[in-house]
Amino acid sequence: MARRIDPGSGPPGPARIWIGSGMKIIKIIKWATVVILALGACAAVGIPLARPEVLPPHRYHPRAVYYRLRGIRVHPLVPMDPNKRYELEVWETDWPVQATGKVPYREFLRKLIAEFRERRPNVSIECTFLPFHSDPGERLKSALDAASPPDIYIGPFNPRIMTSGLGVPLTVFFADEQRAAFEPAAITLTTRRGDIWAWPRWLELWGWAGNAKLLRKAGIEPGYIISNGWTWSEFIEIGRKLTQGNAFTKPEWRIYGLTLDTTRTDAFEHLLLNDGAAPLNWTRAQIAETAAFLEVLGNEGILPPEPDTASGELLELFWEGRTAVIGPVGPALLRHLWERGERVRLGQINPGPANLATSTLAPAQVEPVLLPIPSRTRELRATPAAAVAFHIFRRPRPGDSASADETARIAVELARHLASGRGAWLAARLKAIPALRADQAWWADDFQVGLLADLFIRESLRYARSITPELPGDIEKLNAVRQKVLAPALAQFWRGRVTASRLAEEIDAGTRSVLGSPTAGDQ
Amino acid sequence: MRRTKALNRPVMLTLVALAAMVALVVSGAYSTMPSDATTGSAGFRACPLQCEVDRELYLKDPPFRGHDVVELQQRLKQLNIYKGKIDGIFGRSTAQSVKKFQAQAGLRPDGVVRGETWDKLGEGIHVPASQATVPRPPGKIKLLVNVDELTLTVYSGDKPYKTYPIAIGQWTTPTQLGEFTIIDKGYNPGGPFGTRWLGLNVPWGSYGIHGTNRPWSIGTAASQGCIRMFNEHVEEIFDWVSIGTKVIITGQYLEEDLVTGVERELKPGDTGKDIRYVQYRLRQAGFDPGPVDGWFGPAMQSAVRQLQDFYGLPATGKVGSNELYVLGLR
């Protein structure tokens, strides 16, 4: 009887060893293939996700797919068709400056645009200059309400872009290294709710300006103030030193510690900011503290007796050496102070008549220097700041959403071109600070920024706080509060008709009335 | 019968006098302007001495002095009649030259220079071809006067249409630079104003564009501030322009001529050379004040507010010390 051989029983024979080994190898190969394919697939998706530049822009680029899944329509990987014609509409503010060589800014901008078109000949660009004095923000609002904004709006950062439904968030265009190329304050001022909403162009800072010679005579070193800031109580002490001779001086020769432009609400709002109060989010206590500080300055004779009248002579008082500090000073007034200060320094201007209070013989000497606004405490130090930026909109194109994406993508590229290099020339003319760090070096040369001004700018940028409301709806509210509450109440305060506490009550009550809701809180 | 004759004589004399007066009026011996819907004023507005000098010149002690004497001497020298110095003094040699010229010209040689003598002096001056058949330029017309090149150019829109030679004010009485408009037109003002007058809205004086009885002065700085043209030329442009036509007077020495002190606060409605200078500086600073015409109008107020807004200055709409400082005028 034949015996059935059980392959599993008994010791393995040579054939079985071979068969077993071969199957293992096949299994290994299978698994290795799966693993390799899986790794390959991951690499195919992951590498382009991490390093998008390894593949050309394409709608099926992994990164592009990723953006689409996140709902981002305009991103750096939107492909552009070189055979398609694109039309961009740009709104720019007609800044009142002249280019070097007396070429108007409009011509300069057109040259920049022409340079861009050499790279992109299939792109035509129409530029509209909005009159400086008109409120470009209002015109943008109207355009957004009509769903017909430009492709690029260049102006002060406007939070309306967030809620318009047509604004293009630019966060995806800012890789880490690109973000680092910008002044941090520029990114902060154009960021809302975690997204960067505009391509920063330049920064505007506000401060006060002082006469360094008068300050030094009173034992105050401006560099120290710029580096360390000064508190309200320190400012009062300094003001007392500056005005100590006034009791024995004719009124027309008295020196004042501070002259403010009291006809606008800016001076008061900037001081509120330096008490920790963001626009529209002030408390009654903060208003009362700020007003009390100003009240003390008035009572001590540190402010001129008639602040409204003195506002009309702000620069005269400064250049005649009769006031040590003036404010608020923004980029344009800074430009005037710097230009005239240079002419005084070079002996091209007689700085003013002799001030017998400071010197019996020499004419008044004025050395302008930028100073931070005093804060209630050092920790609350804040520099009022705003960004001017390129706002990108995705204009609806019915039936051709691809073109809308592509056009917006080109708009970002144009904004990048206009913002940097020679485009920063305008920032230099306006004495605003280029948002890109790389431009600040040549801008400083062109500006011929002096040591103290450079120090002021560096320190101020660290403490930059936005004076633009956080949310779109707050813009109208703030304008309404300024017109209906702040301006009339402050007018009475400056004339001495209301006390600081009464002012706080009126502003608080008025703000609630206008907003129809409580303010940040009563204390 | 005798009473009737006695009565008839006074009546006849009265009737003759009345008829003579009617005849004078009808014959147009008085310069009356034809009705012209484009003219804005009742007729020729006499240009005072500020613009041109119009006086009779004769020998007297002390002698007449002035640029009109200079012009007389220049012309007589051109005609090879006067050999003396061109010194602007109507002395004996000038008077003798005048008499000699008058005799040659068929005038009474009395040595008195009046209208007819000036007219005769101007005869024979070559007027550059005026192309009488040149049609009216199309579109909006403006005039550009260049005091450096001594030309007046008619613009049709933004394109130059035709250019004419002119005479301008002397350096002591310069032609006012700026941007003005024509506010009146006149026919045959006569004398040094020639055959046509176009008045400009210069706030601080009476200036205009007019013809001349001293055509040899064209191409020189000769007037008291007005712009002189050959009569043929001013007659040509007279029909082209109307009240409100813009006249821009410009030149290389623009700033030097405009510089003036600003010693007061400037507010809407004010006029003056200081306003004109501030307008010029506003424009240089990048703010558009409208025409640089010395009038603080709505356009200038808007420009001032823009400046105040830009610099963060009190928004008064007036030009005070703050504004003068930022404009570099203090």
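The values are calculated or read from the model by the stated rules, or taken from the named source; none is laboratory data. The shown structure was predicted, so the numbers you read here are calculated from the model rather than taken from an experiment. Positions of Cβ are generated from backbone atoms using ideal geometry, with glycine treated the same way; all protein chains shown enter the neighbour counts. These accessible areas exclude ligands, DNA and RNA; they are computed on the full protein's heavy atoms, side chains included. Shrake-Rupley method; radii C 1.70, N 1.55, O 1.52, S 1.80 Å.
Using a probe radius of 1.4 Å on protein heavy atoms only, what is the accessible area buried between chains B and A, both sides summed, to the nearest 100 Å²?
Working: alone 16910 and 25490 Å², together 40560 Å².
In total, chains B and A hide about 1800 Å² from solvent.
Can you tell me the order of B:231-239, A:62-70 when each peptide is scored by its average per-residue count of other Cβ atoms within 10 angstrom, highest first? Before the final figure, lay out the partial values.
On the way: B:231-239: 19.7, A:62-70: 16.0.
Listed from highest to lowest mean packing, they are B:231-239, A:62-70.
Between A:D400 and A:D308, what is the FRET efficiency for a Förster distance of 41 Å, r being their Cβ-Cβ separation, to the nearest 0.05?
Working: r = 58 Å, r/R0 = 1.41.
Between A:D400 and A:D308 the formula returns 0.10.
Given a 1.4 Å probe and the protein chains all in place, what does the accessible area of B:D158 round to, in Å² to the nearest 10?
Spelled out: B:D158, probe radius 1.4 Å, area about 130 Å².
Are any of the pairs A:K484/B:K267; B:K142/B:K162; A:K111/A:K141; A:K250/B:K318; B:K185/B:K246; B:K162/B:K185 more than 22 Å apart by Cα-Cα distance, and if so, which? Provide the component values of the computation, followed by the final result.
Working: A:K484/B:K267 27 Å; B:K142/B:K162 11 Å; A:K111/A:K141 29 Å; A:K250/B:K318 29 Å; B:K185/B:K246 14 Å; B:K162/B:K185 20 Å.
Beyond 22 Å: A:K484/B:K267; A:K111/A:K141; A:K250/B:K318.
With charges only on Cβ, +1 for K and R and -1 for D and E, what is the dipole size of the range B:254-326 about its Cα centre, in debye, rounded to 20? All intermediate terms of the calculation are to be shown ahead of the outcome.
On the way: 8 positive and 11 negative charges, 42 e Å.
My answer is approximately 200 debye.
Points 7 angstrom from Cα along the Cβ direction at B:D119 and A:T128: gap in nanometres?
6.2 nm
Sorted by mean Cβ packing within 10 Å, highest first, what order do the peptides A:262-274, B:268-280, A:291-303 take? Working shown, then result.
Working: A:262-274: 23.5, B:268-280: 20.6, A:291-303: 19.0.
The most tightly packed comes first, giving A:262-274, B:268-280, A:291-303.
Name the shape class, rounded, prolate or oblate, that the alpha-carbon gyration tensor gives for the range B:139-236, where a ≥ b ≥ c are the square roots of its eigenvalues, rounded holds for a/c under 1.5, and otherwise prolate holds if a/b is larger than b/c and oblate otherwise.
Rounded, since a/c falls under 1.5.
Less than 29 Å apart at the alpha-carbon level, and either on another chain or at least 8 residues along: which lysines does that give for B:K85?
Within the straight-line limit of under 29 Å, B:K85 reaches these lysines: B:K60, B:K77, B:K99, B:K100, B:K120.
Give the average, rounded to an integer, of partner chain Cβ atoms located within 10 angstrom of each Cβ in B:303-315.
On the way: counts 2, 0, 1, 5, 4, 3, 4, 11, 11, 14, 10, 9, 3.
Mean number of neighbouring Cβ atoms from other chains: 6.
By how many nm would the segment from B:V134 to B:W204 lengthen if fully extended, with 0.36 nm per residue of separation less the alpha-carbon distance? Show your work: numbers first, answer last.
Values: separation 70, 0.36 × 70 = 25.20 nm, distance 3.52 nm.
Extending this stretch completely gives an extra 21.7 nm.
Can you put B:K99, B:K142, A:K484, B:K185 in order of accessible area, largest first, using a 1.4 Å probe?
Values: B:K99 100, B:K142 55, A:K484 140, B:K185 5 Å².
Descending accessible area places them as A:K484, B:K99, B:K142, B:K185.
Just to be sure I understand the model, the point goes 7 Å from the Cα along the line to the Cβ. What's the resulting B:D61 to B:N188 distance in nm?
Placing both labels 7 Å along Cα→Cβ, they lie 4.2 nm apart.
For the range B:199-289, rounded, prolate or oblate, judged on the Cα gyration tensor with a ≥ b ≥ c (square roots of eigenvalues), a/c < 1.5 rounded, else prolate if a/b > b/c?
Numbers: a/c = 2.31, a/b = 1.89, b/c = 1.22.
Taking the square roots of the gyration eigenvalues as a ≥ b ≥ c, the range B:199-289 is prolate.
Would you kindly find the accessible area of A:W95, with a 1.4 Å probe and non-protein molecules such as ligands, DNA and RNA excluded, rounding to the nearest 10 Å²?
Solvent-accessible area, nearest 10 Å²: 20 Å².
For a quick check of understanding: with a 1.4 angstrom probe and all protein chains in place, what accessible area in square angstrom does A:E316 have, to the nearest ten?
Roll a 1.4 Å probe over it and A:E316 shows about 50 Å².
Using 15 Å as the cut-off for backbone N distance, which residues of the range A:292-323 belong to the label zone defined by a point 7 Å from the Cα of A:T499 along Cα→Cβ?
Of the residues in the range A:292-323, A:292-296, A:299 have backbone N under 15 Å from the label point off A:T499.
Kindly tabulate the residues in the range A:262-281 with an accessible-area decrease of at least 10 Å² between the chain alone and the assembly of all protein chains, using a probe of 1.4 Å.
At a threshold of 10 Å² (probe 1.4 Å), the residues of the range A:262-281 that become less exposed are A:T263, A:R264.
Rounded to the nearest 20 debye, what is the charge dipole size of the range B:164-281 about its Cα centre when +1 sits on each Lys and Arg Cβ and -1 on each Asp and Glu Cβ? Don't skip to the end; give the middle numbers.
Values: 10 positive and 13 negative charges, 25 e Å.
Computed charge dipole of the range B:164-281: roughly 120 debye.
If you take the charge dipole of the range B:254-326 about its Cα centre, with +1 on Lys and Arg Cβ and -1 on Asp and Glu Cβ, which of B:T316, B:V262, B:G294 is farthest toward its positive end?
B:T316
Could you check the simple spin-label distance between A:R119 and A:K250, using points 7 Å along Cα→Cβ, in nm with one decimal?
6.5 nm
Only Lys, Arg, Asp and Glu count, each charged at its Cβ (+1, +1, -1, -1), so figure out the dipole size of the range B:67-121 about its Cα centre, rounded to 20 debye.
Using only the charged Cβ atoms, the result is roughly 260 debye.
Enumerate by residue number the GluC sites (Glu not before Pro) in the range B:256-330 meeting two conditions: DSSP loop (anything except H, G, I, E, B), and at most 14 other Cβ atoms within 10 Å of the site's Cβ.
Values: sites: B:E256, B:E263, B:E265, B:E323; in loops: B:E263, B:E265.
Hits after loop and neighbour filter: B:E263, B:E265.
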